[in-house]
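What follows is a set of notes on a single structure, which appears directly below.
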Amino acid sequence: MILKNRSIDHSKDEFFACVEPTGVVYKNARERIFFYTFVNALLCFDMYEEVTEAPMELRSSSGDLQTILKAITDPLEYELTLLMFFKYHEMALAAFKLYRINQKIEEHSEDISPETKLKMSILKHALDLKAKADSMKESKVSQNFEVPVESMNPGSLISRIKLCKDSNYNWEKYLRLLNGDDFVNKALNNIGLD
């Protein structure tokens, strides 16, 4: 156990700042939870007519956790992932449900009355505001602990789903896209070969 042997700085307010001051491992663990949860969910909907036809490894929380843990090579990230899994997995599942609802709305937008569209828009913005308020409370971290992607509102999580698709379900490319470092795609876009 890596955390057992680590000295913990009790002067920090944020738990993960106490055990991992750079935030890199924390970010990788968090983003890996989002990435593999979204990828498994997307594969269920893309590859199967009915989600219930998909193998349990793709559609269960334990399957998501197993996929994530298999992809981790850093022992500290492994342990942090186990500590954070439930929280970020639940956020990812909620965001994916909202993503699917938005897809259905777009598919049937001509059938929805303007009043219903307005109500749904207000509800979506209210959820975004609540999530931003929650993330502001959560992002009060110490000066020595940097969390590169702080926004955890539904909109930012849905944008991560789109990044999963844009990365062709590739973890390394997803991280580059998330950090805005995908030089290959930027170069191809600049010369018109995307």
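Every read-out reported here was derived from the displayed coordinates using simple, explicitly stated rules and does not represent laboratory data. It should be emphasised that the depicted structure is a prediction, and the values quoted were computed from it without experimental measurement. Neighbour counts are summed over all protein chains in view; Cβ atoms, including those assigned to glycine, are modelled from backbone coordinates with ideal geometry.
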task = May I ask you to order 114-123, 59-68 by the average number of other C-beta atoms within 10 Å around their residues, highest value first?
result = 59-68, 114-123
request  = Determine, for Leu83, Leu157, the number of other Cβ atoms within 10 Å of each Cβ, and report the residues in order from fewest to most.
outcome  = Leu83, Leu157
query = What ³J(HN,Hα) values, in whole Hz, does the Karplus curve 6.51 cos²θ - 1.76 cosθ + 1.60 give for region 57-71 when θ = phi - 60°, with x put for Gly and Pro?
reply = 4, 8, 10, 10, 4, 5, x, 4, 4, 4, 4, 5, 5, 5, 7
task = Taking the Cβ of each residue in Arg32, Arg100 as the centre, tally the other Cβ atoms inside 10 Å and list the residues starting with the fewest.
result = Arg100, Arg32
Relative counts (whole %) of C-alpha pair distances in region 50-91, using bins that are 5 Å wide = 5, 22, 27, 22, 13, 6, 3, 0
request  = Would you mind checking the pairs Lys104/Lys130; Lys117/Lys162; Lys97/Lys165; Lys97/Lys124; Lys27/Lys124; Lys4/Lys70 and listing those with alpha carbons more than 18 angstrom apart?
outcome  = Lys104/Lys130; Lys117/Lys162; Lys27/Lys124; Lys4/Lys70
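Quick one: pull the percentage of alpha-carbon pairs in region 1-130 with a separation above 27 Å.
38 percent
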